[in-house]
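See structure below.
The values are calculated or read from the model by the stated rules, or taken from the named source; none is laboratory data. Every value quoted in this text rests on a predicted model; they were computed, and no experiment measured them. With ideal geometry, Cβ positions are generated from the backbone for all residues, glycine too; neighbour counts draw on all protein chains shown.
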Amino acid sequence: MAIAGLVGTRASAPAPAPAVDFTSLEGERLTLAELRGKVVLLNFWATDCALCLEEMPAMAGTYRRFQPRGMEAVFIAMPHDRPDRVLHYARSNALPFKVALDLRGELSHVFGIRGTPTAFIIDKRGRIVERIVGAPDFARLHELIERALGERG
């Protein structure tokens, strides 16, 4: 399922997130369906993306703030990113959320990724409620996560 119609920051109506699975750097296999009931921050990034690396400490802070209340985060490295670089960055920066690789480009394709960073907020029902291209306004991001956490699953 392509998400090309969600370019911008707000979808007119929440669209179901694609049924995808991924494997974390630790070898944990997950599907987005398994994360239903949680708000998910899904972020596409790359180790050669200066903006991605600049926002990473604030993203980690966002995760630490909201994870105890039911938010999960998955950061997906782009297909061109070397796995050893992603692993080194994740470990040396003690990234607190799940990091996955998109080795064949399937995830970035199905989500219609044109550049990094691109983030999605997925609500408890598995619907994309926001697509953020570029650096997020963290006050707005936190507001959106708060709102999604407050909704019934």
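Quickly run through segment 115-127 and pick out the residues that are closer than 14 Å to Leu51 by Cα and assigned to a loop (DSSP other than H, G, I, E, B).
Across segment 115-127, the qualifying residues are Gly115, Thr116, Pro117.
Could you say which residue among Gly112, Gly61 is modelled with pLDDT of 95 or more and either crowded, with 19+ Cβ neighbours inside 10 Å or not in a helix (DSSP H, G or I) (or both)?
Numbers: Gly61 fails: either crowded, with 19+ Cβ neighbours inside 10 Å or not in a helix (DSSP H, G or I) (or both).
Selected residue: Gly112, the only one of Gly112, Gly61 that is modelled with pLDDT of 95 or more and either crowded, with 19+ Cβ neighbours inside 10 Å or not in a helix (DSSP H, G or I) (or both).
What do you reckon, is Arg131 over 14 Å from the mean Cα position of the chain (by Cα) and either basic (Lys, Arg) or within 24 Å of Pro14 (Cα to Cα) (or both)?
Answer is no for this residue.
Given the conditions (1) among the aliphatic types (A, V, I, L, M); (2) touching a Phe, Trp or Tyr at 6+ places or on another chain (Cβ under 6 Å); (3) under 18 Å from Ile128 (Cα atoms); (4) not in a strand (DSSP E or B), report the number of the one that Ala19 does not fulfil.
Looking at each condition in turn, Ala19 falls short on (2).
For the condition in contact (Cβ under 8 Å) with a residue 12 or more places away in the chain, surrounded by fewer than 20 Cβ atoms within 10 Å (Cβ to Cβ), closer than 19 Å to Ala33 by Cα and touching a Pro at 6+ places or on another chain (Cβ under 9 Å), what is the one hit in Arg152, Arg104, Arg125?
Arg125
Condition check ((1) in contact (Cβ under 8 Å) with a residue 40 or more places away in the chain; (2) over 19 Å from Val20 (Cβ atoms)) across all residues:
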{"position": "Met56", "(1), (2)": "no, yes"}
{"position": "Phe75", "(1), (2)": "no, no"}
{"position": "Arg91", "(1), (2)": "no, yes"}
{"position": "Ala135", "(1), (2)": "yes, yes"}
{"position": "Arg140", "(1), (2)": "no, yes"}
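Taking Leu42, is it at pLDDT 95 or above and in contact with a Phe, Trp or Tyr (Cβ under 9 Å, 6 or more places away or on another chain)?
Considered against the rule, which asks whether it is at pLDDT 95 or above and in contact with a Phe, Trp or Tyr (Cβ under 9 Å, 6 or more places away or on another chain), Leu42 comes out as yes.
State all residues of segment 1-31 that are of a type in the set (Ser, Thr, Tyr) and modelled with pLDDT of 50 or more; if no residue qualifies, say none.
Ser12, Thr23, Ser24, Thr31, listed by residue number.
Any chance you could count how many residues in segment 128-149 are in a helix (DSSP H, G or I), loosely packed, with under 14 Cβ neighbours inside 10 Å and touching a strand residue (DSSP E or B) at 6+ places or on another chain (Cβ under 9 Å)?
1
Determine whether segment 74-82 contains at least one residue that is farther than 19 Å from Thr47 by Cβ and surrounded by 20 or more Cβ atoms within 10 Å (Cβ to Cβ).
No: segment 74-82 contains no residue that is farther than 19 Å from Thr47 by Cβ and surrounded by 20 or more Cβ atoms within 10 Å (Cβ to Cβ).
Inspect segment 82-89 for any residue being part of a strand (DSSP E or B) and either at pLDDT 95 or above or small (Gly, Ala, Ser) (or both) and give the result as yes or no.
Within segment 82-89, none of the residues are part of a strand (DSSP E or B) and either at pLDDT 95 or above or small (Gly, Ala, Ser) (or both).
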